[in-house]
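First up is the structure itself, then whatever we jot down about it.
The values are calculated or read from the model by the stated rules, or taken from the named source; none is laboratory data. Because the structure is predicted, anything quoted here is derived from the model rather than measured. FYI the Cβ positions are ideal-geometry reconstructions off the backbone, even for glycines, and counts take in every protein chain you see.
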Amino acid sequence: MKCAKCDEKKCYAGKDCAGLHDEMKERLKDPEVNRIMQVAAAIEADHYMKMTRVEETLQFAHGLGVEKIGVAFCLGLPNEARRFCEIAEEAGFKVSSVCCKVCGVDKGDVGLKKLWGREVEATCNPLAQAKVLNRDETGLNVMIGLCVGHDSLFLKHSEAPATVLVAKDRVLAHNPVGALYSNYYRRKFDKEF
């Protein structure tokens, strides 16, 4: 598949280029999948271009009937995590939050390269973040700034549905799509790759 290079996007009008139409139609009827799809579709239909990602996330949680939201966040974004947790609590949710360095496992103890070379340098621990939120029985998990790769492990091990509120990009103020809009980065990517 090369959908990103397609200029027609006839799938929007019902064309099945992947040959999966009938299978996906049935899978989308699965009760758990369909419940999430119903809520997501209602948010899109009712609030298209009217809500921020924060508002949509909370609306999504309400629509799913979630009582407790989990927040897995990066140590580098504590203020953003704190503010989101406050907003979610004000919206009536219970909130469980877990920092990326939870458990304090030293990188050296598990054979990981250290950034700072300190004697003890705790690794990010997306497995523990997922375990804590699974243990806390959250109904929706929200990621705030997890590193590339760590986010993948968190998503793989989260028992609750999960969504991204902030995608980490230290260089572009957590706006990774900025690199796709910038002529500077286009030239840089052309040289590097």
Of the candidates E121, E86, the one satisfying the condition of being without any contact (Cβ under 8 Å) to a residue 24 or more places away in the chain, more than 20 Å from E56 (Cα to Cα) and charged (D, E, K, R) is E121
Checked pairs for the stretch 38-52, first assigned by TED's automatic domain parsing to the domain that holds G65 and among the basic types (K, R), second surrounded by 12 or more Cβ atoms within 10 Å (Cβ to Cβ) and not in a helix (DSSP H, G or I), C-beta under 7 Å and 6 or more apart or across chains, list as none
Determine whether the stretch 96-109 contains at least one residue that is of a type in the set (D, E) and either in contact with a Pro (Cβ under 6 Å, 6 or more places away or on another chain) or part of a helix (DSSP H, G or I) (or both). yes
| Residues in the stretch 42-55: is at least one touching a helix residue (DSSP H, G or I) at 6+ places or on another chain (Cβ under 9 Å) and among the aromatic types (F, W, Y)? | no
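So if I check each of E44, E80, E8, which one is of a type in the set (D, E) and either in contact with a Gly (Cβ under 6 Å, 6 or more places away or on another chain) or closer than 25 Å to H157 by Cβ (or both)? Don't jump to the end; show me each part of the working.
Details: E44 fails: either in contact with a Gly (Cβ under 6 Å, 6 or more places away or on another chain) or closer than 25 Å to H157 by Cβ (or both); E8 fails: either in contact with a Gly (Cβ under 6 Å, 6 or more places away or on another chain) or closer than 25 Å to H157 by Cβ (or both).
Being of a type in the set (D, E) and either in contact with a Gly (Cβ under 6 Å, 6 or more places away or on another chain) or closer than 25 Å to H157 by Cβ (or both) holds for just one of E44, E80, E8, which is E80.
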Out of (1) surrounded by 15 or more Cβ atoms within 10 Å (Cβ to Cβ); (2) among the small types (G, A, S); (3) not in a helix (DSSP H, G or I), the one A173 does not meet is (1)
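So if I check each of V95, V102, V142, which one is in contact with a Lys or Arg (Cβ under 8 Å, 6 or more places away or on another chain), under 21 Å from K68 (Cβ atoms) and crowded, with 16+ Cβ neighbours inside 10 Å?
Details: V102 fails: in contact with a Lys or Arg (Cβ under 8 Å, 6 or more places away or on another chain); V142 fails: in contact with a Lys or Arg (Cβ under 8 Å, 6 or more places away or on another chain).
Matching residue, one of V95, V102, V142: V95.
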